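Engineer: This is the structure I want to talk about, given as structure tokens.
The values are calculated or read from the model by the stated rules, or taken from the named source; none is laboratory data. All values derive from a computational prediction rather than experimental measurement. Neighbour counts are summed over all protein chains in view; Cβ atoms, including those assigned to glycine, are modelled from backbone coordinates with ideal geometry. Keep in mind that these areas ignore ligands, DNA and RNA; they rest on the heavy atoms of the full protein, side chains included. Shrake-Rupley method; radii C 1.70, N 1.55, O 1.52, S 1.80 Å.
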Amino acid sequence: MIEFKNVEKYYGDFHALTNINLKIESGETVVLIGPSGSGKSTLIRTVNGLETVEGGELIVNDQDLANKKTDMNRIRKNVGMVFQHFNLYENKTVLENIMLAPRLVLKRNKSENEKIAQALLAKVGLADKGNSYPKQLSGGQKQRVAIARSLAMKPKALLFDEPTSALDPEMIGDVLNVMKDIAKDSDMTMLVVTHEMGFAKQVADRVIFMDSGKILEDAPSAQFFDNPKEPRAKQFLSQVLNH
Ligand SMILES: Nc1ncnc2c1ncn2[C@@H]1O[C@H](COP(=O)(O)OP(=O)(O)OP(=O)(O)O)[C@@H](O)[C@H]1O
């Protein structure tokens with residue numbers, strides 16, 4: 001589904017990603033962890049073309065994103081993204097937020113669009129919020145709407161960039177539970193940047209540890225948490241787990 005081959009990324013002179021090699025199979029849930037500034041957001045944003053790459057190959061859903069001619073609209077139809085700050089349209093209701101892209105991009109008809117949107121709202125525990133505006137919702141509710149909105153496009157893969165980092169602690173569990181449910185769907189590929197080690201441990205098939213723009217470790221979740229190989233991964237884990 002997603003494959004990085006010797007990918008390089010620069011911001012001006014700054015080398016943000018160095019020789020990234022990573023393969024994510026369809027249906028896998030992969031968590032990306034590492035210290036602040038290690039390149040996690042940059043990496044995840046390259047997968048749906050929000051950041052360009054300068055070298056190597058980046059294959060997403062059979063298309064090479066390192067090739068300038070690649071059709072980004074086709075990529076974005078198949079790869080959804082959930083952001084730290086929700087990015088909902090404040091002047092649209094919850095239902096309108098969820099129905100917008102399927103209407104414009106997929107040309108889904110109104111009654112089917114509404115039916116799918118309502119079902120997704122029920123799935124994220126917000127069946128009664130369709131006519132609310134984002135400002136009437138808590139952060140955790142907004143994030144669940146953002147997840148429903150991504151799912152409405154029926155993507156093959158979902159990217160999550162620190163989806164719980166902006167939430168009050170009591171809201172985090174509800175959002176993680178929705179993400180756990182999605183991860184159980186064996187057709188959905190998920191790549192998640194998070195500091196939630198419990199989620200990584202319980203839900204991820206694999207954990208990728210990054211530092212200074214490089215992947216230092218790529219291991220099955222249980223193996224990574226029981227016995228990280230890289231000294232820097234060990235040190236990182238001992239800091240975040242004892243926090
Ligand atoms: N648009 C940009 N222009 C220049 N430098 C950038 C840009 N975006 C990110 N960087 C730099 O690239 C490096 C990696 O940033 P990135 O946001 O990918 O890290 P991160 O691991 O996601 O960090 P955090 O956990 O703090 O969100 C950082 O040194 C950052 O300052």
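Engineer: Does residue 4 satisfy the criteria of being among the aromatic types (Phe, Trp, Tyr) and open to solvent by less than 10 Å² (accessible area, probe 1.4 Å)?
Structural biologist: yes
Engineer: Of all residues in the stretch 70-84, which are open to solvent by less than 40 Å² (accessible area, probe 1.4 Å) and either out of contact with any Phe, Trp or Tyr (no Cβ under 7 Å at 6 or more places or on another chain) or among the acidic types (Asp, Glu) (or both)?
Structural biologist: 70, 75, 78, 79, 80, 81
Engineer: Whether any residue in the stretch 135-142 is within 16 Å of the ligand (Cβ to nearest atom) and under 20 Å from residue 183 (Cβ atoms) is what I want to check.
Structural biologist: Looking through the stretch 135-142, none of the residues is within 16 Å of the ligand (Cβ to nearest atom) and under 20 Å from residue 183 (Cβ atoms).
Engineer: Identify all residues within the stretch 183-226 that are outside any helix (DSSP H, G or I) and small (Gly, Ala, Ser); write none if there are none.
Structural biologist: Correct list: 186, 204, 212, 213, 219.
Engineer: Let me ask something else about it. Is it true that some residue in the stretch 143-151 is of a type outside the set (A, V, I, L, M, F, W, C), surrounded by 19 or more Cβ atoms within 10 Å (Cβ to Cβ) and within 16 Å of the ligand (Cβ to nearest atom)?
Structural biologist: Scanning the stretch 143-151 turns up no residue that is of a type outside the set (A, V, I, L, M, F, W, C), surrounded by 19 or more Cβ atoms within 10 Å (Cβ to Cβ) and within 16 Å of the ligand (Cβ to nearest atom).
Engineer: Would you confirm whether or not the stretch 213-223 contains a residue that is touching a His at 6+ places or on another chain (Cβ under 9 Å) and open to solvent by less than 80 Å² (accessible area, probe 1.4 Å)?
Structural biologist: Yes, the conditions are met somewhere in the stretch 213-223.
Engineer: List the strands (runs of 3 or more DSSP E) inside the stretch 1-111, counting only whole elements, that have at least 1 residues being more than 15 Å from the ligand (Cβ to nearest atom) and without any contact (Cβ under 8 Å) to a residue 60 or more places away in the chain.
Structural biologist: Per the criteria, 2-11, 14-24, 55-60.
Engineer: Related question: Return a yes/no flag: does the stretch 227-241 have any residue that is under 20 Å from residue 80 (Cα atoms), out of contact with any Gly (no Cβ under 7 Å at 6 or more places or on another chain), part of a helix (DSSP H, G or I) and in contact (Cβ under 8 Å) with a residue 12 or more places away in the chain.
Structural biologist: No; the residues of the stretch 227-241 include none that is under 20 Å from residue 80 (Cα atoms), out of contact with any Gly (no Cβ under 7 Å at 6 or more places or on another chain), part of a helix (DSSP H, G or I) and in contact (Cβ under 8 Å) with a residue 12 or more places away in the chain.
Engineer: Right, another one. Being open to solvent by less than 60 Å² (accessible area, probe 1.4 Å) and part of a helix (DSSP H, G or I) is the filter here; which residues of the stretch 164-179 pass it?
Structural biologist: Matches in the stretch 164-179: 171, 172, 173, 175, 176, 178, 179.
Engineer: Residue check: is residue 202 modelled with pLDDT under 95 and within 16 Å of the ligand (Cβ to nearest atom)?
Structural biologist: Here the answer is no, as residue 202 does not meet what is asked.
Engineer: Moving to a separate point now. Answer yes or no as to whether residue 117 is under 22 Å from residue 73 (Cβ atoms) and touching a helix residue (DSSP H, G or I) at 6+ places or on another chain (Cβ under 6 Å).
Structural biologist: Spelling it out, residue 117 is indeed under 22 Å from residue 73 (Cβ atoms) and touching a helix residue (DSSP H, G or I) at 6+ places or on another chain (Cβ under 6 Å).
Engineer: Follow-up. Given the options 109, 131, 67, 87, name the one that is under 26 Å from residue 19 (Cα atoms), out of contact with any strand residue (DSSP E or B) (no Cβ under 6 Å at 6 or more places or on another chain), open to solvent by 40 Å² or more (accessible area, probe 1.4 Å) and polar (S, T, N, Q).
Structural biologist: Answer to the selection: 67.
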